[in-house]
């Protein structure tokens with residue numbers, strides 16, 4: 001497994017992401033500076049969190065025009081896995097690779113704490129190792145994590161199974177109190193129509209070792225391997 | 001020709017604006033009970049060169065749609081004016 005970690009000016013979660021992939025999952029990982037646009041030699045791309053371009057204009061608004069994002073677009077079109085974490089999610093939405101937009105938290109405060117997520121679908125490269133309904137304990141750290149999508153598109157996403165993670169309480173219920181930022185329907189992560197591109201606001205790379213308070217983030221990365229194995233098996237047996 | 005553009009980027013009415021709500025609350029707390037709604041947007045100023053006003057409008061519209069506003073959550077409107085001329089020779 002060889003994973004690309006694009007780095008923009010202002011990205012600051014790239015080292016944690018690299019650590020999770022290289023030292024915890026023990027895969028190959030490479031930083032890719034935002035000016036490079038060829039990602040086809042990788043098996044997966046994980047766009048890290050941070051404040052690319054200082055969040056100027058809107059979070060991710062400028063990063064989406066970096067050359068590396070052309071590479072991400074091409075990579076996503078090839079059907080291979082792309083994960084955007086926090087600012088990575090914002091960049092993917094601005095680039096139109098994921099539906100919706102991320103806005104300022106409804107409480108207007110930066111939220112920095114652990115939350116419970118419920119896995120809504122296991123049909124993505126970042127949830128394949130989990131079970132539907134499973135709870136994950138992951139940290140969030142964001143000022144603009146309020147996911148917005150219009151009513152019609154929201155209904156479609158729910159019907160198509162494109163909601164990947166939802167904020168819930170410890171009992172697995174998506175209550176208002178469990179929603180840290182005002183996101184529509186407590187949505188914490190979504191997938192594109194082909195389900196190979198996923199964006200999530202919480203940080204799985206900060207929860208890969210129990211010393212950090214939770215190792216549930218490993219499930220997100222382990223899913224990549226599971227998904228790729230399934231894809232290869234499917235190709236071997238001639239499945240579509 | 002040079003133009004000066006002023007651009008307003010505002011949230012679509014269907015989108016909640018927590019900043020606006022907070023500002024309205026703050027104004028009322030200061031004694032301005034008459035305020036019922038606040039929406040916070042962005043204002044940008046931009047200078048651009050173009051062969052004609054039509055060209056300037058078209059290019060500016062593209063800029064707004066591609067970068068300056070996020071069409072998922074924002075609307076935009078702009079005004080274009082010919083840039084004031086500073087040369088003593090008086091070209092239009």
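Bear in mind these aren't lab numbers, they're just calculated from the coordinates by the rules spelled out. Just so you know, these numbers come straight off a predicted model, no measurement behind them. Positions of Cβ are backbone-derived with ideal geometry, glycine not excepted, and every protein chain shown enters the neighbour counts.
So here's what we get for this one:
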{"item": "Gyration tensor over alpha-carbon atoms, the protein assembly as shown, equivalent ellipsoid semi-axes in Å", "result": "38, 26, 17"}
{"item": "Shape metrics for region A:176-219, restricted to C-alpha atoms - Rg then Dmax, Å", "result": "12.8, 36"}
{"item": "Whole-number D in µm²/s for region B:1-76 (Stokes-Einstein; Kirkwood sum over Cα pairs; 37 °C, 0.692 mPa s)", "result": "228"}
{"item": "Percent antiparallel among DSSP beta bridges (both partners in the protein assembly as shown, rounded to 5)", "result": "75"}
{"item": "Prolate/oblate/rounded call for region A:13-152, Cα gyration tensor, a/c under 1.5 rounded", "result": "rounded"}
{"item": "Nearest-0.05 FRET efficiency for residue A:229 and residue B:26, computed from C-beta distance (R0 56 Å)", "result": "0.55"}
{"item": "Calculated on alpha-carbon atoms, Rg and Dmax of region A:8-69 in Å", "result": "12.2, 37"}
{"item": "Most mobile listed residue (B:50, B:29, B:82) in chain B, GNM with C-alpha springs under 10 Å", "result": "B:29"}
{"item": "Cα centroid of region A:36-97 to Cα centroid of region B:8-66, whole Å", "result": "27"}
{"item": "Choice from A:103, A:64, A:35 showing the highest fluctuation, given a GNM over chain A with Cα pairs closer than 10 Å", "result": "A:35"}
{"item": "Compactness index (Cα Rg / 2.2 N^0.38 Å), region A:103-240", "result": "1.06"}
{"item": "Shape of region A:1-43, Cα gyration tensor, a/c cut at 1.5", "result": "oblate"}
{"item": "Relative contact order %, region A:1-149, counting alpha carbon pairs below 8 Å whose residues are six or more apart", "result": "20"}
{"item": "Whole-angstrom Cα spans of region A:58-108 along principal axes, big to small", "result": "39, 19, 15"}
{"item": "Rg ratio (alpha-carbon, reference 2.2 N^0.38 Å) - region A:147-224", "result": "1.17"}
{"item": "Highest-fluctuation residue, A:42, A:165, A:221 considered, GNM on chain A with Cα pairs under 10 Å", "result": "A:42"}
{"item": "Region A:106-239: relative contact order as a whole-number percent, Cα under 8 Å and 6+ apart", "result": "30"}
